[in-house]
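The values are calculated or read from the model by the stated rules, or taken from the named source; none is laboratory data. Note that the structure is a prediction, hence the values are computed from the model and not measured. Positions of Cβ are backbone-derived with ideal geometry, glycine not excepted, and every protein chain shown enters the neighbour counts. Surface accessibility is based on the protein's heavy atoms, side chains included, excluding ligands, DNA and RNA. Shrake-Rupley method; radii C 1.70, N 1.55, O 1.52, S 1.80 Å.
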Amino acid sequence: MTSAVPRQGPGVGAMGKKSERAAKERAAAIALEEEAKSAARHSDEEYQCTGLLEQDFPELCARAGLTYIPRVTVRPRAVSLPEEPEATEGQASATHIQSKYAYFRPRIQTELELDDPKSVREVFMRGWKIEDKMLGIFSKCLPALGNLQALHLWKVGLTDLLLSSLVSILPSCPNLKTLSLEGNPLPEGSFYKLIPEDSTLAHLSLRNNSIDDAAAWQLGQALSTLTAANRSLVSLTLSFNHIGDVGADHIAQGLRLNRSLLSLSLAHNRIGDEGAARLAEVLGPFALTHTEVVERRRLLLEKESQERSRVVRMLPGPWCQQVVWACPMGRRVGGSPALHPETFSSLLEATRGQSRPPLQPGQQHDHRQAAAHQAGQEHGQEETLTTPEQKIMRGKGAKSGNKEKRNQPLEPEVPELTEIMNPLLEQAEHREGKVFLPGNHVLINLNLTRNQITEQGLRAFLAAVESQQQQWSKAGAGAKGQTGLLRLSLGKNHFPAESETFARIQELMLPRDPLAKQGPKDEEQSVPT
């Protein structure tokens, strides 16, 4: 008899395969865990940017876990290429499609100051959406570019939230003076955040961003208000937007008390005669509002008080004791009445040429007398010896030695603070019960090409130009602050080509236009829009 061989059930082989598969999965899980720990350790190590964008940017993208990393290339310069043989129609079409897709492929282009890769001067990004993670990468690599002066972002899908993140990066790039955000419409129009009072940007381009009247109001407020003004921006481009008469009025309000902006482009908008009149109004003498008059009086009183305090510190001893408590009219300090301005001026006039009294025993040297003494020396007055010991030495003809000079106590200097004049403190004219300022004579270029301005709007600008010409003639060519408009572009609006008003404006502006010597050109081509 043969013994029966036991058979393995069908589940035994399956169980072996399952255990083998489970072992492999455990091994894979352990490998993934180790890889994750290694990546975590790698990410915890803070990467120090080297200033080489071609190296820093890919490394930061890899650490951030980005799957696609745009290339960093040097922007090609315009060079003349040799002529190539003509291609067939099919080859030309394929080349055109290839170059088109290559142009819009996400990439970062740089422009170098020198041949050194670390001398990146400008950065260009176009046609691809930048997200918050990418801005986090830029916040690390852009500040490392010590020579970065300009940043151009064209159609990169910015949002109001991303713009706030971008604004937080700008202060860490101290040499960045030019920012171009074109083709990035924002729902809330928060472009005004780019030019706060403490901004360092000098040139800002916001073309083709669907900026409407509401966003123009925010930009006007950023240019200047009654108590604050931007003092760094010199050129602002707002062309190819949706700004109408109301928005132009908001921009004009911002120009009333702004004294830094030199160039403003509002070309290709929807500005009509009413908006043109508001812009022209601020170029010539304009009347202050009641609120502005009140603020002007406050600033004048504050300035007068500072001047009196400065003069008091310069007065010699006897008069200083009488005027030390002097303050603006109508106030009493320490029980001493305020002096009338005429009395104050008389005291100041009477003290000229007088010497300081000698110091009494136990009397401390007053720093105000020291300042007055120093001021006398600055005006060429001979130093007056005042102490009794010095008078005896003068009579004996003795000269003070180096040892005595070393023993003399150092007299504290009174620094003079320089301030930028508030436009409300400019010389004003009072007539018809109103206060008129001379107007904004800092703006030298205004571009309003291709709007909706008619003959009525032209007359407003003609009056402004003639007013500036008259003030400039009275003050003289070398007068400070009397520059005024040098170029005014009004072509391609809604007025006839044979307009006499337009011809008169061109006649007045031609001698002042610095670009007129380059020959007749189209207004849009000669000045960036």
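Below, the figures for the structure above:
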read-out: Trp472 - accessible surface, heavy atoms, 1.4 Å probe, Å² rounded to 10; value: 80 Å²
read-out: Viscosity 0.890 mPa s, 25 °C: Kirkwood-radius Stokes-Einstein D of segment 212-316 over Cα pairs, µm²/s; value: 159 µm²/s
read-out: FRET E, pair Glu197, Ile30, Förster distance 51 Å, beta-carbon r, rounded to 0.05; value: 0.30
read-out: Viscosity 1.567 mPa s, temperature 4 °C, Stokes-Einstein D of segment 438-516 from Kirkwood C-alpha radius, µm²/s; value: 99 µm²/s
read-out: Contour excess over end-to-end distance, with Cα ends at Glu188 and Asp115 and 0.36 nm allotted per residue; value: 22.1 nm
read-out: For segment 156-280, convex hull of alpha carbons as volume per residue, Å³; value: 92 Å³
read-out: Bridge type composition, segment 111-195 - antiparallel percent by DSSP, nearest 5; value: 15 percent
read-out: Debye equation applied to the C-alpha atoms of segment 130-186, log10 I(q)/I(0) at 0.18, 0.19 Å⁻¹; value: -0.58, -0.65
read-out: Pair Val234, Val74: separation of 7 Å Cα→Cβ label points (nm); value: 2.8 nm
read-out: Residues Glu432 and Thr225, FRET efficiency given R0 of 22 Å [Cβ-Cβ distance, rounded to 0.05]; value: 0.25
read-out: FRET efficiency, 1/(1 + (r/R0)^6) with R0 45 Å, evaluated for Lys129 and Met421 via beta carbons; value: 0.50
read-out: Centroid-to-centroid separation of segment 239-284 and segment 102-154 [C-alpha atoms, Å]; value: 32 Å
read-out: Under 12 Å from the Asp160 label point (7 Å along Cα→beta-carbon), backbone N, segment 206-222; value: 215
read-out: List Val156, Val234, Val74, ordered by accessible area with a 1.4 Å probe, largest first; value: Val74, Val234, Val156
read-out: Too-long pairs where the Cα-Cα distance tops 23 Å, listed order kept, from Lys118/Lys155; Lys133/Lys155; Lys118/Lys140; value: Lys118/Lys155
read-out: Label-point separation in nm, Thr483 to Asn175, each point 7 Å along Cα→Cβ; value: 2.5 nm
read-out: Computed accessible area, Glu466, all protein chains, 1.4 angstrom probe, square angstrom; value: 70 Å²
read-out: Built amide H within the under 5 Å cut-off of Val72, gap 5+; value: Ile108
read-out: Most to least packed among 273-279, 297-303 [average Cβ atoms within 10 Å]; value: 273-279, 297-303
read-out: Chain lengthening between Gln306 and Ala503 when straightened (0.36 nm per residue, less Cα-Cα); value: 66.0 nm
